[in-house]
Amino acid sequence: MTCSQCVGIEKVFNEKYVTKELNDYRRKGPVKTTRWLIEAMKQTGVQGLDLLDIGGGVGAIQHELVKAGVSRVTGVDAASAYIQAARSEAERGGYAERTTQIHGDFVTVAPKLDKADIVTLDRVICCYDDMQSLVRTSVGLAKKYYGVIYPRFLWWTRLVCIIENFFERLVSNPYRAYVHPTEKVEAIIKEKGFTRQYYRQTLAWQVVVYVRG
Ligand SMILES: C[S@@+](CC[C@H](N)C(=O)[O-])C[C@H]1O[C@@H](n2cnc3c(N)ncnc32)[C@H](O)[C@@H]1O
């Protein structure tokens, strides 16, 4: 991958970082906000639906929703260590043959992907420079549900982001974090015919499930 953000992503989410996250997931399960998104999806009923999980990391959403009845999973992640981790966890769960893991920039690989009943982006919108293309393209592939977790647009979440980016610059990593105005993200999702079905927030994060129609 040539985009500078993708080069930075490989450096940040490296093997050491991902191994720790996978061990944490195996010991404790998904983190709170991811658990909320999974529970909200389960409430809607996921039996027999297929899932496209973008930037899924170790694949917590994928593994938990397969247990809840999701039939097929496609994972796309820009970090190769995460792809490996999601794959190995699917093998461990005995459902690897029902998953496809693609290493790449979602915006670039999207034209080759099929639509899916459920599309999820858990803390991904804040890790990509072209929010408009990421959201527009991903929501365009969602047939029924679109689930996202992204930072709330607050003065201090933006400040945290500036500080994080300062340190990335110091170590010459091209990776940058982003906090986008909620109304700008939502406008794109609503424009594609989706409405909010579930909303919950923490101090920093918002967890939203949209349904088509
Ligand atoms: C903060 S991590 C979150 C991982 C996981 N979803 C979680 O919540 O633990 C951000 C993830 O988004 C991925 N990502 C960011 N932009 C991407 C893109 N354009 N295409 C594919 N993956 C992307 C990164 O590789 C990384 O896996």
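Bear in mind that the values in this text are calculations on the coordinates, not laboratory data. Bear in mind that the values here come from a model prediction, so they are computed numbers and not experimental data. When we count neighbours, we look across all protein chains shown, and the Cβ atoms used for this are built from the backbone with ideal geometry, even at glycine.
Quick check on my filter: what residues within segment 31-48 are surrounded by 15 or more Cβ atoms within 10 Å (Cβ to Cβ), of a type outside the set (D, E, K, R) and closer than 14 Å to Y198 by Cα?
Within segment 31-48, T33, T34, W36, L37, I38, A40, M41, T44 meet the criteria.
Tell me the residue from A110, A81 that is part of a helix (DSSP H, G or I), over 20 Å from K143 (Cβ atoms) and not acidic (D, E), please. So that I can check it myself, show each step before the final result.
Working: A110 fails: over 20 Å from K143 (Cβ atoms).
Of A110, A81, the one residue that is part of a helix (DSSP H, G or I), over 20 Å from K143 (Cβ atoms) and not acidic (D, E) is A81.
Considering segment 153-181 alone, what residues qualify as being more than 22 Å from V12 (Cα to Cα) and surrounded by 15 or more Cβ atoms within 10 Å (Cβ to Cβ)? Write out each step before concluding.
Step one: of segment 153-181, the residues more than 22 Å from V12 (Cα to Cα) are 153-156, 181.
Scanning segment 153-181 gives a single hit, F153.
Can you list residue pairs whose Cβ atoms sit under 7 Å apart, with the first residue in segment 108-128 being within 29 Å of A204 (Cβ to Cβ) and the second being near the ligand (Cβ under 7 Å from one of its atoms) and of a type in the set (S, T, Y)? Count only pairs 6 or more apart in sequence or on different chains.
Cβ pairs passing all conditions: D122/T34.
Output the number of residues of segment 117-137 satisfying the condition of being among the hydroxyl-bearing types (S, T, Y) and surrounded by fewer than 17 Cβ atoms within 10 Å (Cβ to Cβ). Reasoning before the result, please.
Taking segment 117-137 first, the residues among the hydroxyl-bearing types (S, T, Y) are 120, 128, 133, 137.
Adding the requirement that they be surrounded by fewer than 17 Cβ atoms within 10 Å (Cβ to Cβ) leaves 133.
Number of matching residues: 1.
Taking the stated definitions as given, is K16 exposed (fewer than 14 other Cβ atoms within 10 Å of the Cβ) and either closer than 21 Å to Y150 by Cα or among the β-branched types (V, I, T) (or both)?
Judged against the criteria, K16 is not a match.
Got at least one residue in segment 135-150 being away from the ligand (no atom under 14 Å from the Cβ), more than 14 Å from the chain's Cα centre (by Cα) and part of a loop (DSSP other than H, G, I, E, B)?
Scanning segment 135-150 turns up at least one residue that is away from the ligand (no atom under 14 Å from the Cβ), more than 14 Å from the chain's Cα centre (by Cα) and part of a loop (DSSP other than H, G, I, E, B).
Would segment 16-29 turn up any residue that is farther than 26 Å from R200 by Cα and either in a strand (DSSP E or B) or within 11 Å of the ligand (Cβ to nearest atom) (or both)?
So the first thing to find is which residues in segment 16-29 are farther than 26 Å from R200 by Cα, and the list is 16-20, 23.
Then keep just the ones that are either in a strand (DSSP E or B) or within 11 Å of the ligand (Cβ to nearest atom) (or both); that gives 17-18.
The answer is yes; a qualifying residue exists.
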